[in-house]
Amino acid sequence: MIKSLKIDERLEKYISDHSYDLHPTQKELLNYNDKLGDIKKMQISITQAYFFQLLIKTNKVKNILEIGTFTGYSALSMGLSLPDDGNIICLDINKKTSEIAKNFFKKAKLENKIQIIIGPAIETLKKLKEQKKLFDLIFIDADKENYINYYE
């Protein structure tokens, strides 16, 4: 049994070549992020986005929580796979990148499906718990040192 699978450039290319075309707004966002330099590493890969879309479609996911949004590529990709009544709540602390993400969500006509809450994720998570919010899928992709705290 394979314990891990290394996704190198060759495998990444194979997956991309044998997957559907990206949405025009996904392509535009990827091009935008390419110009950001080293900070671009905060974006998930195209194959990870395809994987999320597969999970969402095969599991009939409707409600998603994303912790850490950056410029919105992962949320945009997941939002494109949600049913009409699906939604995403994104938690991020960076106002500037959140505004960039919102602009891309609007271009893709997803602004009614994706909400960004600005502030420390730990505090927002406590409020969501008090409100008894439930999610079908939670993607933790924020500051690595707090992963366990977000999970808890």
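The values are calculated or read from the model by the stated rules, or taken from the named source; none is laboratory data. Keep in mind it's a predicted model, so treat the numbers as computed, not measured. Heads up, the Cβs are rebuilt from the backbone with ideal geometry, glycines too, and the neighbour counts pull from every protein chain shown. SASA here: full protein model, heavy atoms, side chains in, ligands and nucleic acids out. Shrake-Rupley method; radii C 1.70, N 1.55, O 1.52, S 1.80 Å.
Which ones in region 1-53 are assigned to a loop (DSSP other than H, G, I, E, B), among the polar types (S, T, N, Q) and more than 26 Å from Asp136 (Cα to Cα)? Can you show your working first?
So in region 1-53, the residues assigned to a loop (DSSP other than H, G, I, E, B) come out as 1-8, 18-23, 35-36, 43-45.
Subsequent filtering for residues that are among the polar types (S, T, N, Q) retains 4, 19, 43, 45.
Across region 1-53, there are no qualifying residues.
Would region 1-10 turn up any residue that is surrounded by 15 or more Cβ atoms within 10 Å (Cβ to Cβ) and small (Gly, Ala, Ser)? Break it down stepwise before answering.
Start the filter on region 1-10 by keeping residues that are surrounded by 15 or more Cβ atoms within 10 Å (Cβ to Cβ), which leaves none.
Scanning region 1-10, I find no residue that is surrounded by 15 or more Cβ atoms within 10 Å (Cβ to Cβ) and small (Gly, Ala, Ser), so the answer is no.
Could you list all residues from region 131-152 that are open to solvent by 80 Å² or more (accessible area, probe 1.4 Å) and free of Cβ contacts under 8 Å to residues at least 12 places away in the same chain?
Just the residues of region 131-152 that are open to solvent by 80 Å² or more (accessible area, probe 1.4 Å), to begin with: 131-134, 136, 138, 144-145, 148, 151-152.
Matches in region 131-152: Gln131, Lys132, Lys144, Glu145, Ile148, Tyr151, Glu152.
Checking the condition surrounded by 11 or more Cβ atoms within 10 Å (Cβ to Cβ), more than 20 Å from Lys133 (Cβ to Cβ) and in contact (Cβ under 8 Å) with a residue 40 or more places away in the chain, which residue from Leu54, Leu30 passes? Explain how you work it out, then say what you get.
On the way: Leu54 fails: in contact (Cβ under 8 Å) with a residue 40 or more places away in the chain.
The unique qualifying residue is Leu30.
Can you confirm whether Lys35 is among the basic types (Lys, Arg) and either at positive phi or modelled with pLDDT of 80 or more (or both)?
yes
Can you tell me how many residues within region 33-50 are hydrophobic (A, V, I, L, M, F, W, C) and exposed (fewer than 15 other Cβ atoms within 10 Å of the Cβ)? Talk me through it step by step, then tell me what you get.
Going through region 33-50, the residues hydrophobic (A, V, I, L, M, F, W, C) turn out to be 36, 39, 42, 44, 46, 49.
Add one more test, that the residue is exposed (fewer than 15 other Cβ atoms within 10 Å of the Cβ), and what stays is 39.
Selection size over region 33-50: 1.
Only one of Ile114, Ile93 is in contact with a Gly (Cβ under 7 Å, 6 or more places away or on another chain) and open to solvent by 80 Å² or more (accessible area, probe 1.4 Å). Can you tell me which? Can you show your working first?
On the way: Ile114 fails: open to solvent by 80 Å² or more (accessible area, probe 1.4 Å).
Testing whether each residue is in contact with a Gly (Cβ under 7 Å, 6 or more places away or on another chain) and open to solvent by 80 Å² or more (accessible area, probe 1.4 Å) leaves just Ile93.
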